[in-house]
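The values are calculated or read from the model by the stated rules, or taken from the named source; none is laboratory data. Just so it is clear, the structure is predicted and the values come from calculations on it, not from any experiment. A quick note on method: Cβ atoms are made from the backbone with ideal geometry, for glycine too, and the neighbour counts reach across all protein chains shown. Ligands, DNA and RNA are excluded from the accessible area calculation, which covers all protein heavy atoms including side chains. Shrake-Rupley method; radii C 1.70, N 1.55, O 1.52, S 1.80 Å.
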Amino acid sequence: VVEVKIVCMIPAREGSKRVKNKNTRLLGGIPLLCHSIRAAKLSGCFDEIYVNSESSMIGDIARKEGVRFYKRPDRLSSDTATNDDFTEDFRHNIDCGIVVQLLCTSPFVTPGEIVDFVSKMESSDTDTLISVKDNQIECVYKGQPINFDQKLPTPPSQDLEPVKAYACSLMGWRKDNFLMNMDRYGCAYHGGEGNINFITLKGFSEIDIDREEDFAMAEAVWGYLNARKN
């Protein structure tokens, strides 16, 4: 069995319009970014862990936490730069066979879930692995039902076929396939050509901090989880 170098990349821009200084804002007394760094370290899955940012201040936090800092070019720190853009830049400059992206906006992803994700990426023929969450309720798309029949009585929600939405917390790509899709299509985030698989996250790991009310929810969850420990 050929061992593949697995690298964790935690993207963290300094600027944020909807939640100011989101990635360095304190949650439970430590910067939001640090929750993901510590979960990645505790998982024991990675050959290297990088924080990917344009910010020297965020770089200082990364080094203090004992992980590496990849300083992305300033052109990739704008609102118009896509996940494909900064991941391609990272891929061209960091040697690895698999890169696992862990978002610091999902602070409740556990080390165990990271282990499960990496194990699935390693043991299968997967080129792209995407974390998803189940929406087990009636869903519509462009006015049309997806997982129910409008002309039949509604079943109990537990009997509905869940609609899977991106959780985004964890994404994984094999290097060669990612770069091939970037060359061929100009994008690779969703997998393009290749074997694409999914892994389902549950509970608080689904939380993605994108707006101020999401941060308020994260603070409430943090308080709840710590109260349960005491």
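Potential lengthening of the chain between LYS120 and ASN93 amounts to 7.2 nm, from the contour at 0.36 nm per residue minus the alpha-carbon distance. If you sort the three axes of the alpha carbon gyration tensor as a ≥ b ≥ c, you get a/c under 1.5 for the stretch 15-138, which makes it rounded.
The amide H of ASN147, built 1.01 Å from its N in the peptide plane, has CYS139 as neighbours under 5 Å, considering only residues 5 or more places off or on other chains. Nonpolar atom fraction for the stretch 105-160, defined as the carbon and sulfur part of the 1.4 Å probe accessible area, stands at 52 percent. Spatial offset of the stretch 79-111 relative to the stretch 10-58 amounts to 12 Å, using the alpha carbon center of each.
Here the calculated FRET efficiency for VAL4 and ASP134, from their Cβ-Cβ distance with R0 = 41 Å, stands at 0.90, rounded to the nearest 0.05. Using every pair of distinct Cα positions in the chain, the Kirkwood expression returns a hydrodynamic radius of 18.8 angstrom.
Where both bridge residues fall in the chain, DSSP classifies roughly 45% of the beta bridges as antiparallel. Phi-derived couplings, Karplus 6.51 cos²θ - 1.76 cosθ + 1.60 at θ = phi - 60°, listed residue by residue for the stretch 135-144: 9, 9, 8, 4, 10, 10, 9, 6, x, 10 Hz, with x used for Gly and Pro. Calculated FRET efficiency, ARG75 to LEU152, Cβ-Cβ distance, R0 = 41 Å: about 0.20 to the nearest 0.05. Accessible surface area normalised per residue over the stretch 148-196 is 60 Å², counting heavy atoms of protein chains with a 1.4 Å rolling probe. Cross-link check: pairs LYS22/LYS202; LYS151/LYS202; LYS20/LYS71; LYS5/LYS41 evaluated at a Cα-Cα cut-off of 26 Å; pairs beyond the cut-off: LYS151/LYS202. With the Cα gyration tensor of the stretch 142-230 giving a ≥ b ≥ c as the square roots of its eigenvalues, does the rule (a/c under 1.5 for rounded; else a/b larger than b/c for prolate; else oblate) give rounded, prolate or oblate? The shape class here is oblate. Protection proxy ranking, highest mean first, for peptides 203-212, 49-58: 49-58, 203-212, where packing is the per-residue count of other beta-carbon atoms within 10 Å, averaged.
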